[in-house]
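Structure first, commentary second.
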Amino acid sequence: MHARLPLLQPYPFERLRALFAGVTPAALTPLRLSIGEPQFPTPTVLTDALTAHVGGLAVYPLTAGQRGLRETLAAWFCRRYSLPALDPDTQVLPVNGSREALFAFAQTVVDQTQPAPLVVSPNPFYQIYEGAAILAGADIAFLNQTAATGFALELASLSEAEWRRTQLLYVCSPGNPTGRVLDLDAWRELFEYADRYGFVIASDECYSEIYPDEARPPLGGLEAAHRLGRSDFRNLVVCTSLSKRSNAPGLRSGAVAGDAALLKAFLLYRTYHGSAMSETVQHASDAAWRDEAHVVLNRQQYRAAFEAVLPVLAPVMRVYQPDAGFYVWAEVPGGDDAAFARDLFAATHVTVLPGQFLAREAHGTQPGRGFVRMALVAGLDECREAAQRIAGFCRTQA
Ligand SMILES: Cc1ncc(COP(=O)(O)O)c(C=O)c1O
C-alpha cells in the first residue's frame, strides 16, 4: 500500500456527517448551504451539444483534446483576460475538471530527488491541494488568510529555509472560502517569490466567472503575468472549470493554461494517468466556453442571492462580502463554528460548513475556527429562507 495514503485527512463533508451523527433536525424543509454545487440548470447550449455529439463516445479521445477545443479555450482566455495571444498547441489543455488537474499537477512538478520538497497552500483551502502534496511525496506548509489582514496571503510567515524547499505554491483566486481576489500587487509579490526561490504557481480560478460587478471581472493569474511583462507565463499555470461557470459539475470539464514547458510535462503525465476528455464532453465544453449569455444570467442570480442574504445576516453575525465567488464567509456568534453548525442544523435544518473543517492549525492559529462557510447556490427563495432561519437562530444565541 502507498505509505502516504494514511496521511490523507478526512474530507470536510465526511467530518460534517460525523458532526451531525445522532442529531435530529427540526421538522422544516432542509436547506443546504454546505456544498458549493450550483443548483441552477445546466444551460441548453451545453446539453444540446452533448446530445448532438453522443457519437463521440465511440472513439478514444486524445489526451491533448481536439485542436478545435484548444482553440476555443485559447480564445476564451484571451478574451477574458485581455491577452494578445495564447498558443492552442502549447499553452492550453482541457482537463476533467479543475480538481483532477490540481491534483495531477503536483504529481507532475514535485521532484522527489530534491531534499524535503515542500508544497505551499493557502489556509483555509480546498483540500485537494493538501492531498496532492502528500501523495506527490511533499510536505505541506500553509499561508494563513485571516480577516485581520483582509485575507491576504501571509508570505512572510514562512521561513527562508521553507521557501527554498518550496517547489509548488497553490493559490485560489477568487478564494474558496474567503472570496478574496488576488490583485496585481499580490501577484507581483508572488512572482517575485517564485523567481527568487524557483517554484511553480498553480492558480485555482474555478470561481472566476461568479462576480458582483459586470464591469469588473476578477483579475486572473495569466492577466496579471501579462500585465507585469511575463507573457511567457513562466512558472505559472491556471486552472479553470465549467462546473461553477456553466452549472455543470457533473460534466467534469475544465482547462489549464500557462507555461508551455510545464504543460508539456503535464501532458506527458496525463497520457499515462489516462485523463483524456471524452469527445462528447469536448464538444459540449466547446459550446459552453463560446457562450457567455448563460454566464451573465448566472451572475445575475448569484447577485440577487447576495443582495437578499447579506442584509439579513449582517445584523447578527460578522459577514465578509466576497470580492467574487458564491460563498459567504462569516464569523459565528460565540466563536465555536462546529457547535454553531450542529446546533443550527438541529434547530433550523439549515446546513453550513464549519470553517475549521476547511483549514489547519498553522503559525499558532486555526484560521477557519470561528467561521462558517455558506454557499449561496440555491434559488433566491431558499437562500432568503435560509438567511432568515440563520438570523433567527443567531438571535437565540445572544
Ligand atoms: C477551490 C476549488 N477548486 C476546485 C474545485 C473543483 O472543481 P471542479 O473539479 O468541478 O472544476 C472546487 C470545487 O468545489 C473548489 O471549491
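The values are calculated or read from the model by the stated rules, or taken from the named source; none is laboratory data. Computed from a predicted model, the values in this text were never measured in an experiment. Every residue, glycine among them, receives a Cβ derived from its backbone with ideal geometry; neighbour counts consider all protein chains shown. Keep in mind that these areas ignore ligands, DNA and RNA; they rest on the heavy atoms of the full protein, side chains included. Shrake-Rupley method; radii C 1.70, N 1.55, O 1.52, S 1.80 Å.
Looking across the range 164-190 at every residue that is open to solvent by less than 10 Å² (accessible area, probe 1.4 Å) and assigned to a helix (DSSP H, G or I), the one that is farthest from Glu130 (Cα to Cα) is identified as Trp187.
Restricting attention to the range 104-150, and to residues there that are of a type in the set (Ser, Thr, Tyr) and within 15 Å of the chain's Cα centre (by Cα), which single residue is most open to solvent (accessible area, probe 1.4 Å)? Filtering first and then ranking leaves Tyr126.
Output the number of residues of the range 49-72 satisfying the condition of being in a helix (DSSP H, G or I) and open to solvent by 40 Å² or more (accessible area, probe 1.4 Å). So the count comes out to 9. For Ala26, the requirement of being open to solvent by less than 70 Å² (accessible area, probe 1.4 Å), more than 21 Å from the chain's Cα centre (by Cα) and in the same structural domain as Ile134 (by TED's automatic domain parsing) is not met. If I go through the range 185-216 residue by residue, how many of them are among the small types (Gly, Ala, Ser) and away from the ligand (no atom under 16 Å from the Cβ)? Qualifying residue count, the range 185-216: 4. Looking at the range 300-350, which of its residues are of a type outside the set (A, V, I, L, M, F, W, C), open to solvent by less than 20 Å² (accessible area, probe 1.4 Å) and not in a helix (DSSP H, G or I)? Result: Pro322, Gly325, Tyr327.
Out of Val295, Val256, Val316, Val237, I need the residue that is in contact with a Gly (Cβ under 9 Å, 6 or more places away or on another chain) and within 16 Å of the ligand (Cβ to nearest atom). Which one? Result of the check over Val295, Val256, Val316, Val237: Val237. A single entry from Arg303, Arg270 fulfils the requirement of being in the same structural domain as Val92 (by TED's automatic domain parsing), charged (D, E, K, R) and touching a residue at least 60 places away in the same chain (Cβ under 8 Å): Arg270.
For the range 112-131, give me each residue that is outside any strand (DSSP E or B) and over 26 Å from Val328 (Cα atoms).
Within the range 112-131, Gln112, Thr113, Gln114, Pro115, Ala116, Pro117 meet the criteria.
Within the range 353-398, if we keep just the residues that are among the small types (Gly, Ala, Ser) and assigned to a strand (DSSP E or B), the residue that is surrounded by the most Cβ atoms within 10 Å (Cβ to Cβ) turns out to be Ala375. Of all residues in the range 93-109, those satisfying the criterion of being within 13 Å of the ligand (Cβ to nearest atom), touching a strand residue (DSSP E or B) at 6+ places or on another chain (Cβ under 7 Å) and assigned to a helix (DSSP H, G or I) are Ser98, Ala101, Leu102, Phe105.
The set of residues from the range 219-236 being of a type outside the set (Gly, Ala, Ser) and either touching a His at 6+ places or on another chain (Cβ under 9 Å) or open to solvent by less than 10 Å² (accessible area, probe 1.4 Å) (or both) comprises Leu222, Phe233, Leu236.
Annotation: Leu86 fulfils all but one of (1) open to solvent by 20 Å² or more (accessible area, probe 1.4 Å); (2) within 25 Å of Ala287 (Cβ to Cβ); the unmet one is (1).
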